[in-house]
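Please treat every number below as a calculation from the coordinates, not as lab data. Just so we're clear, the structure is a prediction, and the values are computed from it rather than from any experiment. Cβ atoms come from the backbone with ideal geometry, glycine included; neighbour counts cover every protein chain shown.
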Amino acid sequence: MGVPTAQVSRGRGSPAYSGGVSEEQRQQGRAGGGAPDASGGDTTGGGSGRNGWEIARLFGIPVHVNSSWLIASLVIALVFTPFVLDQVPDLGGLAYLVAFAFAVLLGLSVLVHELAHSVTALAYGYRVRRITLHLLGGVSEIEGDDRRPWPDLVIALVGPLASLALAAVGFGLLQVLPDGTVVRLVAWQITTANLIVGVFNLLPGLPLDGGRILRDLVWAMTGRETTGTVVAAWFGRVLAVGLAVMAVLPLLRGSLDIIWLAWGLMLAGFIWIQAGIALKVSKVRSRLPAVTTRDLTRRAIPVPADTPVSEALRRLEAAQAGGLVTTGRDQQPLGIVNEAAVRALPVERRPWVPVSSVSRLLAPDVRVPVESAGEKLVTLLQAHPAPEYLVVDADGSIYGVLAYDDVERAVSGLAGRPSAPRG
Ligand SMILES: [Zn+2]
C-alpha cells in the first residue's frame, strides 16, 4: 500500500502569507517550511479540527492523528483481513485483530519516517510545530527562519532512509521467522509497506521527499530557491499524471481493482494539488523581498491624547501627513485616530472632544522598524496579530502607521501602495 509521506518545509513567516493562496498554506506556511509527507500529504494545515487529537509528545514534538487516519486504518484492516485468512485459515475472527495490528504498525512506520524528518530538523535548529498522521501518510510541520538548501536536503532525505531502514530490519526478521505464521505474515506486509513508502517518497517531484531533494539540489546549484521549487513542482505534476495513468491502466485492460484505482487516483490528485500549491507559495515568496515597510506605511504625526479633534486635524493638514498617533504624558504612543469616527463627529463638537475618544489603541509593545521588509516583516506581524502597527524610525520616533491588510495585499500581489486611510 502506498503510503507516501511528503515533507514540506516552510518558513515561518510565510504561512500567513501564503496569503491569498489558500487556507492550507496559511497554516502550513513556509517561510520556512512545513513538511507534508507524501505518504499522505499534507492536507492538514494547522486548522484545529483537522489536526485531530494529540496522542503523544516525542522529543518535545506533539504527535497528532486525525480522523482520516482512523478511517484509513479501518479500511486497511478490512482489506487486509481476507488476505490474512487466506494465508492462515485457522485464525477465524482473530484475523481482524491481526489486520488491525498491521494497520497500527503501518501508522507507527509512518511516525518513524516523520520523526526522522522532525528530529533532524530540530538538530539543525529548526522548529517543529507538530507531526500529524492522516489518511495518506503523515506531515511534519517544520519552521525555520534561516533555511538553506543543504540542511533542507538532509531533512528531506532522512525520512525515506528511515522507511528503507525499517524495511531492511523487516527483511532481516523474515529470514528467521518460521513460515506460515501470523507474525511472519505481518512482518512481510510491514516490510513491503516500508519499502514502498521509502521508494515512493524518493520520486523526484514535489510534494514528495524526492521532490524536496530535487528542489534543494537546484536551489544549491542556482542559488535560487524559487527556481528549485518551480522545477520540482513541475516534476511533481508529471508524477501525478503518471500515477493517474497507472491507476486507470487496469481498467483499460478490462479489470477493475477498486482499491488500486481509488488509492492511485487519490494520491495522484493529492500530488497534483500540492505541487500547484508549492508553485503558488513560491510565487508569493518571491514577492516578499519587495514588500517594504517604508512603501506601505502611512505617514503619521504624534498628537497628545487630550488634544481637541479640531486642533489635531489642523496639525494633520499642516504636516500633510496621512494619520495621527495619540501620545500619553510621557510621549509614549497610545493609539491611532480613527478617521471614520472623526468624520462622524459634527464639526461644531470637534473643538470639545479629545482625539483620544476617536482613536483605537495600538498593539502595545509592538514597534515596526521602518527599515523592516520581506520575510522578517511578515514574521514580526504574525507574531503580534493586530489590524494596525506603529512604525518607528531608527531613533524610535514615530514614523507612521502600517495596516496589516496593506501588507497582505502587497504580498499577494494585489497592490503595492497603502490603502487610503481607513476608519
Ligand atoms: Zn517524508
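When the chain is treated as a GNM with alpha-carbon contacts under 10 Å, the residue of GLU143, GLU317, GLU408 showing the greatest mean-square fluctuation is GLU317. For the peptides 250-259, 324-333, the ranking by packing is 324-333, 250-259, with the highest mean count of neighbouring Cβ atoms within 10 Å listed first.
Hey, what angle do you get for helix 309-319 against the long axis of the chain, alpha-carbon based, 0 to 90 degrees rounded to 10? That helix lies at roughly 80 degrees to the long axis. A dipole drawn for the chain from +1 and -1 charges on Cβ atoms has a positive end, and of TRP272, LEU203, ALA341 the residue lying farthest that way is ALA341. Panel order for ARG349, ARG294, ARG129, by other beta carbons found within 10 Å of each beta carbon, from fewest to most: ARG349, ARG294, ARG129. In the chain, the longest principal axis of the Cα atoms and the axis of helix 209-222 are about 50 degrees apart. If the elastic network links every pair of Cα atoms under 10 Å, which of GLY322, GLY170, GLY137 fluctuates the most in the Gaussian network model of the chain? Result for the chain, Cα springs under 10 Å: GLY322 fluctuates most. Taking the fewest neighbouring Cβ atoms within 10 Å as the starting point, the ordered list for TRP53, TRP234, TRP272 is TRP53, TRP234, TRP272. Take the Cα coordinates of the stretch 168-304, assign each an equal point scatterer, and use the Debye formula without solvent to give log10 I(q)/I(0) at q = 0.15, 0.19, 0.21 Å⁻¹. Once normalised to I(0) and log-transformed, intensities are -0.88, -1.05, -1.12.
Relative contact order for the chain using alpha-carbon pairs under 8 Å, separation at least 6, rounded to a whole percent? Could the numbers behind the result be given before it?
Values: 929 pairs, mean separation 63.3, N = 423.
Worked out over the chain, it gives 15 percent.
With Cα atoms defining each centre, the stretch 67-133 and the stretch 223-294 are spaced 24 Å apart in the structure.
Hey, in the GNM for the chain with a 10 angstrom Cα cutoff, which one of VAL337, VAL169, VAL291 fluctuates hardest? The residue that fluctuates most here is VAL169. With θ taken as phi - 60° and the Karplus curve 6.51 cos²θ - 1.76 cosθ + 1.60 applied, the whole-hertz 3J(HN,Hα) list for the stretch 246-253 is 5, 5, 8, 3, x, 4, 5, 8 Hz, x standing for glycine and proline.
Less than 5 angstrom separates the built amide H of VAL291 from those of GLY374, all sequence-distant by 5 or more or on a different chain. Model label points for ALA168 and LEU361, set 7 angstrom from Cα along the Cα-to-Cβ axis, are 5.9 nm apart.
Note on GLU54, GLU375: ascending count of other Cβ atoms within 10 Å places them as GLU54, GLU375, the fewest first.
Counting only alpha carbon atoms, the long axis of helix 182-201 and the longest principal axis of the chain meet at about 50°. Oblate is the label for the stretch 49-177, because a/c, from the alpha-carbon gyration tensor with a ≥ b ≥ c as root eigenvalues, is 1.5 or above and a/b does not exceed b/c.
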